[in-house]
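So the structure is just underneath, and the comments pick up after that.
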Number of protein chains: 2
Amino acid sequence: MTLSFEDFTPGPFGSFGPRRVSRAEIIGFAAEFDPQPMHLDDEAARHSMLGGLSGSGWHLCAVMMRMLVDGFLSRSATLGSPGVDELRWMSPLRPDDELTLDIEVLRSRVSNSRPDTGIVTFGCRVRNASGQTLLEAVTPIIFKRRAPAAA
Amino acid sequence: MTLSFEDFTPGPFGSFGPRRVSRAEIIGFAAEFDPQPMHLDDEAARHSMLGGLSGSGWHLCAVMMRMLVDGFLSRSATLGSPGVDELRWMSPLRPDDELTLDIEVLRSRVSNSRPDTGIVTFGCRVRNASGQTLLEAVTPIIFKRRAPAAA
């Protein structure tokens, strides 16, 4: 079964994971995309504002995306996303964190310009095994509608 | 010279790049973080809303971060960022795009809770060689102040 616009109604949608992020993954992502000392080097990280090695905030976003795809986007009629309305990095991603993604549907509406599609706005929360929230995001995603509007 | 809070005053700050993103990089990032057909497979991508292979929006964000670090963050007294206020994916990232990052300082203010630091809000625009805007983002970044306030 493929999830369509109609399958996303306001309210809690589901929780996905856990997904573990290793020290090697944190350092590998940072070396390629965010080579700042607090993401690369334990000793430098100890003296940073975050008090120890932490993953790039963009790495956390990328892992969240993978959890969205594995969680439900891969079996949906998604057409992509125009962006992110708000993104907050609330606690650092640490080596070997086990992440869970909580998804809520905040609102949905049929597209004005393409009435065979609709936009679902999701609230996303990534938390670690201790329940600390690492990231919160609000993001619209476009889906095909199951029953196109009659012209 | 290390850039401090005081070095960021409202107005255009600079342009950075170009940085080329290859087909292999697009597919490699997508395979790890955003395995959707339009980011992985030419034939599937041709039938997608974007009409051809395109990079993940999060890949574009990660490349932007690398351009920020190489452009000026690596020689600044940055302490990290609390998040992104707004992020828009406006045109698809295509294989072999040559990206330029335009940075503007939108506003800056001293932190209330940590008066030895300040928050600079940047407007970021990533464009390709034809001048198409691929991404726009507004993001606050925290920097140390050069001259801490007297208590």
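The values are calculated or read from the model by the stated rules, or taken from the named source; none is laboratory data. Since we're looking at a predicted model, the values are computed, not measured. Quick reminder, even Gly has a Cβ in these numbers, built from the backbone with ideal geometry, and neighbours come from all protein chains shown. Only protein heavy atoms, including side chains, enter the accessible area calculation; ligands, DNA and RNA are left aside. Shrake-Rupley method; radii C 1.70, N 1.55, O 1.52, S 1.80 Å.
Looking at region A:39-67 only, could you name the residues that are among the hydrophobic types (A, V, I, L, M, F, W, C) and in contact with a helix residue (DSSP H, G or I) (Cβ under 9 Å, 6 or more places away or on another chain)?
Looking only at region A:39-67, we keep the residues that are among the hydrophobic types (A, V, I, L, M, F, W, C), and these are A:40, A:44-45, A:49-50, A:53, A:58, A:60-65, A:67.
Of everything in region A:39-67, those that are among the hydrophobic types (A, V, I, L, M, F, W, C) and in contact with a helix residue (DSSP H, G or I) (Cβ under 9 Å, 6 or more places away or on another chain) turn out to be A:Leu40, A:Ala44, A:Ala45, A:Met49, A:Leu50, A:Leu53, A:Trp58, A:Cys61, A:Ala62, A:Val63, A:Met64, A:Met65.
Residue check, B:Met64 against (1) under 17 Å from A:Gly57 (Cβ atoms); (2) touching a Lys or Arg at 6+ places or on another chain (Cβ under 8 Å), all met but one. Which one?
(2)
Among the residues of region B:81-96, write down those that are closer than 26 Å to B:Phe5 by Cα and either more than 7 Å from chain A (Cβ to nearest Cβ) or polar (S, T, N, Q) (or both).
Answer for region B:81-96, where residues must be closer than 26 Å to B:Phe5 by Cα and either more than 7 Å from chain A (Cβ to nearest Cβ) or polar (S, T, N, Q) (or both): just B:Ser81.
Out of the residues in region A:83-118 meeting the condition of being of a type in the set (Ser, Thr, Tyr) and open to solvent by less than 80 Å² (accessible area, probe 1.4 Å), tell me which one is nearest to A:Ala30 (Cα to Cα). Please lay out each step first, then the result.
Let us first name the residues in region A:83-118 that are of a type in the set (Ser, Thr, Tyr), namely A:91, A:100, A:108, A:111, A:113, A:117.
Retained after the next criterion (residues that are open to solvent by less than 80 Å² (accessible area, probe 1.4 Å)): A:91, A:100, A:108, A:111, A:117.
Values: A:Ser91: 17, A:Thr100: 21, A:Ser108: 35, A:Ser111: 37, A:Thr117: 37 Å.
Filtering region A:83-118 for residues that are of a type in the set (Ser, Thr, Tyr) and open to solvent by less than 80 Å² (accessible area, probe 1.4 Å), the one nearest to A:Ala30 (Cα to Cα) comes out as A:Ser91.
Based on what the data block shows, is A:Phe13 more than 8 Å from chain B (Cβ to nearest Cβ) and at pLDDT 95 or above?
Details: more than 8 Å from chain B (Cβ to nearest Cβ): yes; at pLDDT 95 or above: yes.
Here the answer is yes, as A:Phe13 does meet what is asked.
Which residues, taken from region A:48-60, are open to solvent by less than 20 Å² (accessible area, probe 1.4 Å), touching a Leu at 6+ places or on another chain (Cβ under 7 Å) and within 9 Å of chain B (Cβ to nearest Cβ)?
Within region A:48-60, A:Ser54, A:His59 meet the criteria.
Using beta carbons and a limit of 7 Å, which pairs, at least six apart or on different chains, have the first residue in region B:71-95 and acidic (Asp, Glu) and the second one surrounded by 21 or more Cβ atoms within 10 Å (Cβ to Cβ) and not in a loop (DSSP other than H, G, I, E, B)?
Going by the 7 Å Cβ cut-off, the qualifying pairs are B:Asp85/B:Thr139; B:Glu86/B:Ala137.
Among the residues of region B:5-21, write down those that are open to solvent by 70 Å² or more (accessible area, probe 1.4 Å) and either assigned to a loop (DSSP other than H, G, I, E, B) or of a type in the set (Phe, Trp, Tyr) (or both).
Answer for region B:5-21, where residues must be open to solvent by 70 Å² or more (accessible area, probe 1.4 Å) and either assigned to a loop (DSSP other than H, G, I, E, B) or of a type in the set (Phe, Trp, Tyr) (or both): B:Thr9, B:Pro10.
For region B:64-77: of the residues being open to solvent by less than 30 Å² (accessible area, probe 1.4 Å) and of a type outside the set (A, V, I, L, M, F, W, C), which is farthest from the other protein chains (Cβ to nearest Cβ)? Outline the logic, then answer.
In the first step, residues of region B:64-77 are kept if they are open to solvent by less than 30 Å² (accessible area, probe 1.4 Å); the result is B:64-65, B:67-69, B:71-73, B:76-77.
Keeping just the survivors that are of a type outside the set (A, V, I, L, M, F, W, C) gives B:71, B:76.
Numbers: B:Gly71: 12, B:Ser76: 10 Å.
Among them, the one singled out is B:Gly71.
List the number of the failed condition for A:Met67; all other conditions in (1) in a helix (DSSP H, G or I); (2) within 30 Å of A:Arg114 (Cβ to Cβ); (3) at pLDDT below 95 hold.
Answer for A:Met67: the failing condition is (3).
Any residue that is at pLDDT below 95, in contact with a strand residue (DSSP E or B) (Cβ under 9 Å, 6 or more places away or on another chain) and part of a helix (DSSP H, G or I) - is there at least one of those in region B:31-41?
yes
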